[in-house]
Amino acid sequence: MRKVIIAGNWKMFKTQAEAAEFLQGFLPLTEATPEDREIVLCVPFTDLATVSKFLHGNLVRLGAQNVHWEADGAYTGEISAAMLLEQGVRYVIIGHSERRQYFGETNQTVNLRLKAAQQQGLVPILCVGETKEQRDAGTTKQVIAEQLKAGLVDVDLKKLVIAYEPIWAIGTGDTCAAEEANRTIGEIRAQLTNSTVSIQYGGSVKPDNIDEIMAQPEIDGVLVGGASLDAQSFARIANYQG
């Protein structure tokens, strides 16, 4: 049984005070959200402790945006799985396109992070997707296949979420057509040895397109960027009709 996972990625937004204000408005709006939907907030490291306190006893889960592959060591600026677990983190985003584009993330380092997260009991959200140039060249399927092949070496598919995020649609307002996203996610699922992996769509997900996205049979949730920063918008996404 594939779980529906609605995750918000705050990226580098919100101070602790702003996070608290968001949660005071957001949590009451999710009290009637169906329990078969997992809501996750992936927040900056400095917000984890504050958000964790608000979520104590709540069905909304806490997520982080990255994790290092070593348990400890001389890795200035990095965060270990144990540090995340201490804050009550359950999920962690790994391999987001912004990490790949700006911070040198590779399929090999993604693989190391995935394995480290799983070994410590975290559930990684693996991001895959193509650039506009790759899409225009017709190589989407090959690009994602390579990301999966290299990234999933020795990774437990029973403890994994995958997010398909076409890079050209992230933060651009240019959403991938729901049917096209569904087709690509179906191709991703066909490459996995476990058909029960939850696969999300990400890329300019908004309140006005969430119902159409979640009506697609292959899509098991969404990874939301900008729209997750507003309590009303993200609550509408979590409470999609379908």
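The set of residues from the range 199-220 being within 22 Å of Ala145 (Cβ to Cβ) and buried (at least 20 other Cβ atoms within 10 Å of the Cβ) comprises Ile199, Gln200, Tyr201, Gly202, Gly203, Ile219, Asp220. Reported count of residues in the range 21-35, each being outside any loop (DSSP other than H, G, I, E, B) and over 19 Å from Lys3 (Cβ atoms), is 9. Could you grab me the full set of residues in the range 159-206 that are of a type in the set (Asp, Glu), part of a loop (DSSP other than H, G, I, E, B) and in contact (Cβ under 8 Å) with a residue 40 or more places away in the chain? Across the range 159-206, the qualifying residue is only Glu165. Among the residues of the range 116-159, those identified as over 19 Å from the mean Cα position of the chain (by Cα) and of a type in the set (Ser, Thr, Tyr) are Thr139, Thr140. Contact map, the range 70-97: residues that are part of a loop (DSSP other than H, G, I, E, B) paired with residues that are surrounded by 18 or more Cβ atoms within 10 Å (Cβ to Cβ) and among the basic types (Lys, Arg), Cβ distance under 8 Å, separation 6+ or inter-chain. Pairs shown: Arg90/Arg61; Gly95/Arg113.
Of the candidates Gln134, Gln147, the single residue that is part of a helix (DSSP H, G or I) and within 19 Å of Gln108 (Cα to Cα) is Gln147. Looking at Glu218, is it at pLDDT 95 or above and either part of a helix (DSSP H, G or I) or under 18 Å from the mean Cα position of the chain (by Cα) (or both)? The answer is yes for Glu218.
Being charged (D, E, K, R), outside any loop (DSSP other than H, G, I, E, B) and touching a residue at least 60 places away in the same chain (Cβ under 8 Å) is the requirement here; does Glu18 meet it? No.
The values are calculated or read from the model by the stated rules, or taken from the named source; none is laboratory data. Since the structure is predicted, the reported quantities are computational estimates derived from the model, not experimental observations. Don't worry about glycine lacking a Cβ; one is built from the backbone with ideal geometry, like all the others, and counts go over all protein chains shown.
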